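Colleague: Before I ask anything, let me first share the structure, which is written out below as structure tokens.
The values are calculated or read from the model by the stated rules, or taken from the named source; none is laboratory data. Given the structure is predicted, the values throughout are model-derived calculations rather than measurements. For the accessible areas, the whole protein counts, side chains as well, though only heavy atoms, and no ligand, DNA or RNA atoms are used. Shrake-Rupley method; radii C 1.70, N 1.55, O 1.52, S 1.80 Å.
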Amino acid sequence: MLIRRSSRADCKSSEITPEAVYRERRRFMAASGVLLAGSLLPDWLLAGTARYGQVPEAAAPDWFARQLQGVRWQDAPQDEALTPWSAATGYNNFYEFGPDKGDPAANAGRMSTADWTVQVDGEVARPGRYGLEELFSEQTLEERIYRLRCVEAWSMVIPWLGFPLAALLKKVEPTANARYVRFESLVDERVMPGVTSNFARIDWPYVEGLRLDEAMHPLTILAVGMYGRILPNQNGAPLRLMVPWKYGFKSIKSIVRISLVAEQPVTTWQSMAPQEYGFYANVNPQVDHPRWSQARERRLPSSLFSPNIRPTLMFNGYAEEVAGLYAGMDLHREY
Ligand SMILES: Nc1nc2c(c(=O)[nH]1)N[C@H]1C(S)=C(S)[C@@H](COP(=O)(O)O)O[C@H]1N2
Ligand SMILES: [Mo]
């Protein structure tokens, strides 16, 4: 049986990374022909993976476990390798939990995601405080394998699990005055050392925003999982935005509030350094950051001997899908 890897019976289960398990799970699904069609994941297959994790796996809530049964899987890319789980969950930006790349993995475990609610307000017909299950129980969970390009010129390829943001917006019914969406992250001083020490001088909460048409675009998702499992806290559990054609800082984590608004919201990085970070933040190899080039990126994992440098693509490689959103705009001015 494929998943049991009897040829590697001597291999301790702790040496099998979740990523290896994930690949194996995909291979199984591809072999049985269910990958493209989308189908059930057998229970035994899921149950068998939990004990292999090096990073303790958060218990998935019931609604996630249920929805995992009906995931619409995306075909694995032929030309780009997935970033190993260890890099995607060990090298993070989540300033609420500290300034260093390892701080989120070390500290975010203390955040509780139980009974999480999202406040939806502003220009909507159906404002309210919604539980995750309420927001997503009718949605089909989709896998989206996206490039993630940080403004710091490194990148990853991550298989997210989530729902189109458009589905949530339609549910709460934006009014005719709604032109932008504003997002806010959790602030909890008891568990967030980056908030209390505030080394970065950020005016918490972390805030992001999108134009309504960007928010409604089918590539824009709210992620609740990655690598076929529940989202780890350091990656923005239980709910984070993922806008693959924009620099990573737009993809706000651990969202507690979504507001439909008439005016362009003031966002965290834009308000800290407007000459360096714009509202749009579209990935653009022709518009350099004032302090470094954006023409290339370091694809993780990368090392001194194998830096793994590749050219950065316009709109992070999603130009065909999204360039039309910016027709007629001067992208050097509206960066
Ligand atoms: N609330 C919050 N969201 C955030 C950040 C943050 O510091 N706080 N960092 C952003 C940046 S700069 C990046 S590159 C991505 C990183 O996502 P990842 O750690 O899942 O790869 O999250 C973004 N979302
Ligand atoms: Mo970033």
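Colleague: With all protein chains present and a 1.4 Å probe, how do His289, His332 order by accessible area, largest first? Spell out each step's value before the answer.
Modeller: On the way: His289 10, His332 110 Å².
Descending accessible area places them as His332, His289.
Colleague: Take region 290-335, compute every pairwise Cα distance, and split them into 10 Å bins from 0; I just need the percent in each bin.
Modeller: Reading the bins upward from 0: 21, 41, 27, 10, 0.
Colleague: Which of the lysines could a cross-linker bridge to Lys101, judged by Cα under 16 Å and excluding same-chain residues fewer than eight apart?
Modeller: By straight Cα distance, Lys101 reaches Lys253.
Colleague: How are the C-alpha pair distances of region 91-131 spread across 10 Å bins, as whole percents from the shortest bin up?
Modeller: Histogram of Cα-Cα distances, whole percents per bin: 27, 26, 28, 17, 0.
Colleague: So what's region 240-335 giving for Rg/Rh, alpha carbon basis, Kirkwood Rh from the mean inverse pair distance?
Modeller: On the way: Rg = 14.8 Å, Rh = 15.0 Å.
Here the Rg-to-Rh quotient is 0.99.
Colleague: Taking every pair of distinct Cα atoms and averaging 1/r, then inverting, what Kirkwood hydrodynamic radius in Å comes out for region 269-318? Mind showing how you got there, number by number?
Modeller: Working: mean 1/r = 0.0824 Å⁻¹.
Value: 12.1 Å, from the Cα pair sum.
Colleague: On a 1.4 Å probe surface of the protein chains, which of Phe279, Phe199 comes out largest in accessible area, and what is the full order?
Modeller: Heavy-atom accessible area, descending, gives Phe199, Phe279.
Colleague: Run the numbers for Asp203 and Ala81: contour at 0.36 nm per residue of separation, minus the present Cα-Cα distance, in nm. Kindly include the intermediate steps, with their values, before the conclusion.
Modeller: Numbers: separation 122, 0.36 × 122 = 43.92 nm, distance 3.68 nm.
Stretched fully, the Asp203-Ala81 segment lengthens by 40.2 nm.
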